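So the structure is just underneath, and the comments pick up after that.
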Amino acid sequence: MLLPEIYYLHHDVVFLAKDLIGKYLFTKIDGQLCGGIITETEAYKGMEDKACHAFGGRRTPRNEMMYARGGVAYVYLCYGIHPLLNVVVNQKDTPDAILIRAIHATHGEELMLKRTGKPQMKSQVTDGPGKVTKALGITLADNGESFQNKRIWIEDRGFDLSKIEILNTPRIGIDYAGEDAFLPYRFKIFEP
């Protein structure tokens, strides 16, 4: 079932970052479907979070989409190379977002291999935020895309998380954020 618009308006970005674990992320680009189960996310809590692009009310052409009403994609370039996908949540002008860090591929694996240049489907094909966007064909052109359309969307397919451990840890690669680097805003399916 497609996640409804109201889902993205929830006020608690950390809750939603955990809740997105087990949901399915899909793209359909040039008529080709691919996607998988979201297995890792990170929450970015708007103006109060030193790791967030909108910390302190910062508003730039790059992060403007974070201020949109929840339910759209915020795609930006990391290191000027990798487009990264974030799910904008909360009300308009509350810049909360969730970085999609990893998925477990379930649909369109051959297409993902072609896009990534990998010889076989292993977890390493989609185990990082830049790898996810590359495998799914997401680019900067998807910045602002609604998750209610037929290009990029998220579904709840009733994935059973009851027997799966979800790790809750600090986020990765944000040492610049001082004490906020230690906030437990990262969620990941535990794989022994």
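The values are calculated or read from the model by the stated rules, or taken from the named source; none is laboratory data. Remember, predicted model here, so these are calculated numbers, not experimental data. When we count neighbours, we look across all protein chains shown, and the Cβ atoms used for this are built from the backbone with ideal geometry, even at glycine. Please note that ligands, DNA and RNA were not included when accessible areas were found on the heavy atoms of the full protein model with its side chains. Shrake-Rupley method; radii C 1.70, N 1.55, O 1.52, S 1.80 Å.
Put a dot 7 Å past the Cα of residue 123, heading toward its Cβ, do the same for residue 164, and the two dots end up 1.1 nm apart.
Quick check for you: with a 1.4 Å probe and neighbouring chains kept, what is the accessible area per residue of the chain, in Å²? Heavy-atom SASA per residue in the chain reads 49 Å². Relative to one another, the C-alpha centroids of segment 16-57 and segment 104-149 are positioned 13 Å apart.
Close Lys pairs in the chain (alpha-carbon distance under 13 Å; sequence gap of 8 or more, or different chains): 8. Here segment 81-192 has 54 percent of its accessible surface on carbon and sulfur atoms, given a 1.4 Å probe and all protein chains in place. The mean sequence distance of close C-alpha pairs (under 8 Å, at least 6 residues apart), as a share of the length of the chain, puts its relative contact order at 28 percent.
Of the trypsin sites (Lys or Arg not before Pro) found in segment 69-154, those that fall in a DSSP loop while having at most 11 other beta-carbon atoms within 10 Å are 92, 122, 150. These residues, 94, 41, go from largest to smallest accessible area, 1.4 Å probe, as 94, 41. Chymotrypsin sites (Phe, Trp or Tyr not before Pro) within segment 125-192: which are DSSP loop residues with at most 13 other Cβ atoms inside 10 Å? Counting only loop positions with at most 13 other Cβ atoms within 10 Å, the chymotrypsin sites (Phe, Trp or Tyr not before Pro) in segment 125-192 are 190. Estimated from the Cβ-Cβ distance and a Förster radius of 45 angstrom, the FRET efficiency linking residue 114 and residue 47 is about 0.65. Maximal additional length on extending the residue 175-residue 190 stretch stands at 3.1 nm, based on 0.36 nm per residue less the C-alpha distance. Sparse packing (at most 11 other Cβ atoms within 10 Å of the Cβ) combined with a DSSP loop state is found for the following chymotrypsin sites (Phe, Trp or Tyr not before Pro) in segment 1-93: 79.
For segment 74-140, averaging the sequence separation of C-alpha pairs within contact (under 8 Å, six or more residues apart) and dividing by the residue count gives a relative contact order of 33 percent.
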